[in-house]
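I have placed the structure first, in the form of structure tokens, so that the comments after it can refer back to it.
The values are calculated or read from the model by the stated rules, or taken from the named source; none is laboratory data. Every value quoted in this text rests on a predicted model; they were computed, and no experiment measured them. FYI the Cβ positions are ideal-geometry reconstructions off the backbone, even for glycines, and counts take in every protein chain you see. Just so you know, the surface numbers come from the protein's heavy atoms only, side chains and all, with ligands and any DNA or RNA stripped out. Shrake-Rupley method; radii C 1.70, N 1.55, O 1.52, S 1.80 Å.
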Amino acid sequence: MSASTKTPDQLPVGTPATSSPGAEHDSLVLTAKFLPIVAHFVAQGDIRYYLNGINVRPLAGGGVTICATNGHILGVYRDLAGVCSQEVTLSFGSKVMAACTEQIDAERVVVLRHGRLTVLDQCGNEVCIQAGNPVIDSQTAFPRFEKVVPAAEDLRPGLVSCISGRLLKKLARAANSARKALTSNSSRVGLDGLHFFNVNGDVNKCTVAHIDVAPDFLAIVMPLRPVRDITQPLPSWLQAERGAA
């Protein structure tokens, strides 16, 4: 089998592969430590296969956005140092993601080299190479996060909607990843705070979430239909107990 007929994972490192799947995205460069922040929102085994990866889009003002969603929660981060020539959705394996979180204080990057996702250390050495074509080819466009982000003038501080604990857990994990990526070793304790904003107090609208240490991150969380209406802020048994005291 000649090099021209081999798949990207069969090609030796350094082999020209301009005709390989994903080769048109070989200019892509991403800051490794930011990817784990949004990776928590990637769908797992969703029939909408374009949601099973991280979407990368160039920004007009420089840098890229990295975005992931499972249809119920969306996380997006602006990587100002990121580079991509055109939008692409990529599937990240566990080994590549682990390499992004190792030595997180060092400036590792993720690139597409000969159609394969590759993690490079600060000296340009290859730390991890993902076999196979990572590009998720889809005829359906990745969801536009801009369409679900409420207007800034409609946002009010506070959480008013009923939110799934499972989605809150994803937010907590993202906040922990941001804390590790964006703070020094000496100051990482207790810096995984979350801020919530509601849309004009409407419990049926989405919730906007920010991570305290990550000003370039934004999450949109869809509300649950509550099992019961809560008209009293405190449980009735507690109010009765206070009255009896």
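In region 78-98, which residues are open to solvent by less than 20 Å² (accessible area, probe 1.4 Å) and assigned to a loop (DSSP other than H, G, I, E, B)? The answer is Gly82, Cys84. Given the condition in contact (Cβ under 8 Å) with a residue 60 or more places away in the chain, among the β-branched types (Val, Ile, Thr) and open to solvent by 50 Å² or more (accessible area, probe 1.4 Å), answer yes or no: does some residue in region 127-136 qualify? Within region 127-136, one or more residues are in contact (Cβ under 8 Å) with a residue 60 or more places away in the chain, among the β-branched types (Val, Ile, Thr) and open to solvent by 50 Å² or more (accessible area, probe 1.4 Å). Checking each residue in region 92-128 for being at pLDDT 90 or above, within 18 Å of the chain's Cα centre (by Cα) and not β-branched (Val, Ile, Thr) picks out Phe92, Gly93, Ser94, Lys95, Met97, Ala98, Ala99, Cys100, Arg108, Leu117. Here Cys206 fulfils each of the conditions (1) open to solvent by less than 40 Å² (accessible area, probe 1.4 Å); (2) over 22 Å from the mean Cα position of the chain (by Cα) apart from (2). Number of residues in region 213-241 that are out of contact with any strand residue (DSSP E or B) (no Cβ under 8 Å at 6 or more places or on another chain), hydrophobic (A, V, I, L, M, F, W, C) and either at pLDDT 95 or above or surrounded by fewer than 18 Cβ atoms within 10 Å (Cβ to Cβ) (or both) equals 7. The single residue among Thr140, Thr183 that is β-branched (Val, Ile, Thr) and open to solvent by 60 Å² or more (accessible area, probe 1.4 Å) turns out to be Thr140.
Yes/no per residue for (1) part of a helix (DSSP H, G or I); (2) basic (Lys, Arg); (3) touching a residue at least 40 places away in the same chain (Cβ under 8 Å):
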site	(1), (2), (3)
Ser161	no, no, yes
Ala178	yes, no, yes
Ala181	yes, no, yes
Asp192	no, no, no
Phe197	no, no, yes
Asp216	no, no, yes
Ala219	no, no, yes
Ile230	no, no, no
Trp237	yes, no, no
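With the requirement that a residue be under 26 Å from Gly61 (Cα atoms) and in a loop (DSSP other than H, G, I, E, B), what does region 107-130 give you? Residues satisfying the conditions are Glu107, Arg108, Gln122. Counting the residues of region 4-52 that are modelled with pLDDT of 50 or more and either under 20 Å from Ile211 (Cα atoms) or not aliphatic (A, V, I, L, M) (or both) gives 26. Pairing residues of region 25-42 that are of a type in the set (Ser, Thr, Tyr) with residues that are surrounded by fewer than 20 Cβ atoms within 10 Å (Cβ to Cβ), at Cβ distances under 7 Å and at least 6 apart in sequence or on separate chains, gives Ser27/Val83; Ser27/Ser85; Thr31/Ala81.
Just to verify a result, which residue in region 190-203, among those that are farther than 14 Å from Ala175 by Cα and touching a strand residue (DSSP E or B) at 6+ places or on another chain (Cβ under 8 Å), is surrounded by the fewest Cβ atoms within 10 Å (Cβ to Cβ)? For region 190-203, the residue satisfying everything is Gly201.
Go through (1) of a type outside the set (Phe, Trp, Tyr); (2) closer than 30 Å to Pro233 by Cα; (3) open to solvent by 30 Å² or more (accessible area, probe 1.4 Å) one by one and return the number of the condition Pro150 breaks. With (1) of a type outside the set (Phe, Trp, Tyr); (2) closer than 30 Å to Pro233 by Cα; (3) open to solvent by 30 Å² or more (accessible area, probe 1.4 Å) applied to Pro150, the lone miss is (3).
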